[in-house]
1. What pairs in LYS446/LYS483; LYS369/LYS489; LYS349/LYS383; LYS104/LYS132; LYS335/LYS383 have C-alpha atoms more than 27 Å from each other?
2. Could you work out the pair-distance distribution P(r) of the stretch 298-399 from its alpha-carbon pairs, with 10 angstrom bin width and percents rounded to whole numbers?
3. Below 8 Å, C-alpha to C-alpha, sequence gap of six or more: please give me the relative contact order for the stretch 344-437 in percent.
4. Distances longer than 11 Å among the Cα atoms of the stretch 407-446: what percent of all pairs is that?
5. For the stretch 167-173, what does the Karplus curve 6.51 cos²θ - 1.76 cosθ + 1.60, with θ = phi - 60°, yield as ³J(HN,Hα) per residue in whole Hz, taken in order and with x for Gly and Pro?
6. How long, wide and thick is the stretch 248-307, going by the Cα atoms along their three principal axes, in whole angstroms, largest first?
7. If contacts are Cα pairs under 8 angstrom and at least 6 residues apart, what is the relative contact order of the chain in percent?
8. On the first, second and third principal axes, largest extent first, how far apart are the outermost C-alpha atoms of the stretch 148-259 in Å?
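The values are calculated or read from the model by the stated rules, or taken from the named source; none is laboratory data. None of the values given here were measured: they were computed from a predicted structure. Every residue, glycine as well, gets a Cβ built from its backbone with ideal geometry; the counts of neighbours run over all protein chains shown. For accessibility, only protein heavy atoms count, side chains too; no ligands or nucleic acids. Shrake-Rupley method; radii C 1.70, N 1.55, O 1.52, S 1.80 Å.
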Amino acid sequence: MLFRQRHDAARKGLLRRDGGRRRWRLPAKLLIASSIATVIGFSAICASVMFDMRRGEEELARQTLENLASGIDADISRNIELYDLSLRNVASNLVMPEIKDVSKEIRHLILFDHAATAKHFGVIQVFDAQGKLTIDAASFDPAPENRSDEEYFWVHRDKPDVGLYMSRPMLHRSAYSIVLSRRITGTDGSFLGVVVGSIRFSYFHDLFGRLTLNPGDTITVLRRDRMIIMRTPFDLDVIGKNLAERPRWNAANLPEGAAYAGVGPVDPTPRLYVRSGSTNLFFVVVGKPLATILKLWHREVMRIGAIMMTLILFVVGTTLFLAREIGRRAQAEDKLEEMATTDALTGLKNRRKFDTEMDAEWRRAARNKTPVALLMIDADHFKTYNDTYGHQAGDQVLVGVAICISDSVRRAGDCAARFGGEEFAVLLPGTSAMDALVVAENIRHKVEQWSEDPQGTTVSAGVASMTPSAGLDWSDLIAAADKALYAAKANGRNQTVLASVPQLAMVA
């Protein structure tokens, strides 16, 4: 029983040293690595495509907004330019000396006959140097008015070179409008007054109403000093506000002709804003919510992401399944290899594995010019013991000898094998004859100490060590160790004999 317990423990130790533990071999690792690389590669490609799609959506939206901003800017500029021609005509005709000598009717024809008229344009008026209304295109005898306190009046009075001036949004002649004005300058350069016209908010409402806008889209018309002239969606609380006074808004975010994506100065909705490149009295900013721009992109991201996640789960599941099957196959192969190369009774290598190891180590020693030692061990009087106590007891003796051998041979390159019957062989690469003799004696003493047989179980051993050279083969090493073993048995057993190579003289 003691031999059997030791045998089981020793057998487990041998299996661990021989690679019996569960492992995945190289193909399984390559499969997992290639699957991971494939998943990462496809994910990177999809991410790149998604970002390209996003950039494409943003670029398309930017171009669309640029065209819209340019179109609105051009329409407003054209109408302001047309209206300014009328103001210029009035201002230049008023300084003609002959204008004072004509009747009011003729004066109206001279001043306003070619003036631009439209339902959104206000009446042109003329105020003298004191701000008093002197001429009104709608009446020969206008009611008294004084506009000396208006911003446009004192701007022209104090700054002769202003040219056409656009006022802040204001209530003008009972309608919300922006006032356009020009200075009337005498021939001597003196200030003679201002000529004033207006464009009603209804013009902007009509202009923006012809456009197809989505919820959240904004169009803002701003004066050069960043004062809001008009905005859609219309909000009187915003009209007339100056963005330059907003501390949280940096004007450098949206330079002339550029675009900006983020939160704007009016509301917290993130938008893509595009500013027109106009150099007029005003500029136009068109905004579109980023959520609207990227709505289709988000939908595609979710769809492609779901497909990619499904593919990734499929690849991972398939990889794990195949890796597990490869691992099972590797275990089966290990088991078959163990069965093919291991002696079932003792757990040592069998004769076939021993011959393979011997050939490989002999070739390696020949290349490296190193010695190879061999122990041939035989159980003494085994046949008699087997006949006396039975085969089961004989098997226990063989197992006990195997345990003693495996306990004494622990180097990774050593090979202990059952050579046949009650004979064992121990291959010791890179070991000199004297070192091999020490190992053999250690085995012999262990067998003596561990034997449970009252009569004592002993072994005899033959030791030989050779350095491979031309004319020698590993069969010569086996023959030398075998002769030494028989010499030990002939000398009385329970001893170790070292073969002297090449004379093979026996030394006990």
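1. LYS369/LYS489; LYS335/LYS383
2. That works out to 12, 19, 20, 17, 12, 9, 8, 4, 1, in percent per bin.
3. 46
4. Beyond 11 Å sits 67 percent of the P(r) for the stretch 407-446.
5. 7, 6, x, 7, 8, 10, 6
6. Taking max minus min along each principal axis of the Cα atoms, the stretch 248-307 gives 52, 24, 15 Å.
7. Reported relative contact order: 13 percent.
8. Projected onto the principal axes, the Cα atoms of the stretch 148-259 cover 54, 33, 24 Å.
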